[in-house]
Amino acid sequence: MQDILIFRHEPHEGPGYLADYLDRHRLPWRLVRIDANDPLPSSIDGVSGFVFMGGPMSVNDPLPWIPPVTKLIQKAVAADVPVLGHCLGGQLISKALGGSITKNPVREIGWLPVSRVESPAANTWLDELPAQFEVFHWHGESFSIPPGATRILASRDCANQAFVIGKTLAFQCHVEMTGEMVREWARLSADDLAPLCATVQSPPAMTAELDSRIKRLQGIADKFYDRWIQGLR
């Protein structure tokens, strides 16, 4: 099988559990480190799927790599090549497909529940998952649902937590977390946590019962990733 390309935008926001999942399934992947100025592919040829991770920047920032990345996403979706986005990655997919990224009514940082939005697409992608489950969040902006896509997840304070279109899946939330990542983000981004409120958790709160939370989250991630890899070419 051809490589899956995983785009990293910040050193501490790598593929996390997704890398473990792909290795376990013997699916080859290669990291494109945008933060280290790795060259961007201009073609989708020779790639089985594209994955875009998170990052602290905004999709609305005038960054030189955003236009070529969104063009790459457009080519992939048009050719029915699977694309997967986590947080910033989901926002990049939305922007590429005609959506918009705006400030969310509140910041969501920490462990918060999301709920399924019923539709035939949701039934396909959320098979065997409960109506509501807890995932990890770290965002202040959110995407709109682009034309032709279907919303499948929402939270109380962020209407658009995930959408699908064809073989493409875009998350606003983070399902790729490991325990080490949660601890590192809480340590490195402590300034983002003030003021604390119902949707912004302190480091002790987001690391409480971390092993059990991560185990549940990775079980949820397995369901989504199982479905996504079915489309790899």
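The values are calculated or read from the model by the stated rules, or taken from the named source; none is laboratory data. Quick caveat: nothing in here was measured; it's all calculated off a predicted structure. Because the Cβ atoms are built from the backbone with ideal geometry, glycine has one as well, and the counts that use them run over all protein chains shown. Ligands, DNA and RNA are stripped out before the accessible areas are found, and what is left, the full protein with its side chains, is counted by its heavy atoms. Shrake-Rupley method; radii C 1.70, N 1.55, O 1.52, S 1.80 Å.
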- Query: In segment 119-137, how many residues are open to solvent by less than 30 Å² (accessible area, probe 1.4 Å) and farther than 20 Å from Asp222 by Cβ?
  - Reply: 1
- Query: Taking strands (runs of 3 or more DSSP E) that do not extend beyond segment 1-118, which have at least 3 residues that are open to solvent by 10 Å² or more (accessible area, probe 1.4 Å)?
  - Reply: 29-33, 101-116
- Condition test on Gly140, is it open to solvent by 10 Å² or more (accessible area, probe 1.4 Å) and either hydroxyl-bearing (Ser, Thr, Tyr) or touching a residue at least 24 places away in the same chain (Cβ under 8 Å) (or both)? yes
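Of these, Val106, Val117, Val77, which one is in contact with a Ser or Thr (Cβ under 6 Å, 6 or more places away or on another chain), β-branched (Val, Ile, Thr) and under 29 Å from Cys197 (Cβ atoms)? Show your work before the answer.
Numbers: Val117 fails: in contact with a Ser or Thr (Cβ under 6 Å, 6 or more places away or on another chain); Val77 fails: under 29 Å from Cys197 (Cβ atoms).
Of the residues listed, the single one that is in contact with a Ser or Thr (Cβ under 6 Å, 6 or more places away or on another chain), β-branched (Val, Ile, Thr) and under 29 Å from Cys197 (Cβ atoms) is Val106.
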- Scan segment 161-191 for residues that are surrounded by 18 or more Cβ atoms within 10 Å (Cβ to Cβ) and free of Cβ contacts under 8 Å to residues at least 40 places away in the same chain and report the count. 1
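Would you please name the residue that is farthest from Lys167 (Cα to Cα), looking only at residues in segment 184-233 that are part of a helix (DSSP H, G or I) and β-branched (Val, Ile, Thr)?
Residues of segment 184-233 that are part of a helix (DSSP H, G or I), as a first pass: 184-188, 190-193, 203-207, 210-229.
Remaining after also requiring β-branched (Val, Ile, Thr): 207, 214, 220, 229.
Numbers: Thr207: 33, Ile214: 26, Ile220: 18, Ile229: 9 Å.
Ranking the qualifying residues of segment 184-233, first place goes to Thr207.
Among the listed residues Glu180, Glu108, Glu176, Glu141, which satisfies the condition of being touching a strand residue (DSSP E or B) at 6+ places or on another chain (Cβ under 8 Å) and farther than 29 Å from Ala78 by Cα? Can you show your working first?
Working: Glu180 fails: touching a strand residue (DSSP E or B) at 6+ places or on another chain (Cβ under 8 Å); Glu176 fails: farther than 29 Å from Ala78 by Cα; Glu141 fails: farther than 29 Å from Ala78 by Cα.
Criteria check complete, one pass: Glu108.
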- Query: Can you name every residue in segment 165-181 that is in a helix (DSSP H, G or I) and in contact with a Leu (Cβ under 6 Å, 6 or more places away or on another chain)?
  - Reply: Gly179
- Query: Under 6 Å by Cβ, and 6 or more places apart or on different chains, what pairs join a residue from segment 193-221 that is closer than 10 Å to Gly110 by Cβ and free of Cβ contacts under 8 Å to residues at least 24 places away in the same chain with one that is open to solvent by less than 20 Å² (accessible area, probe 1.4 Å) and in a helix (DSSP H, G or I)?
  - Reply: Pro203/Ala186
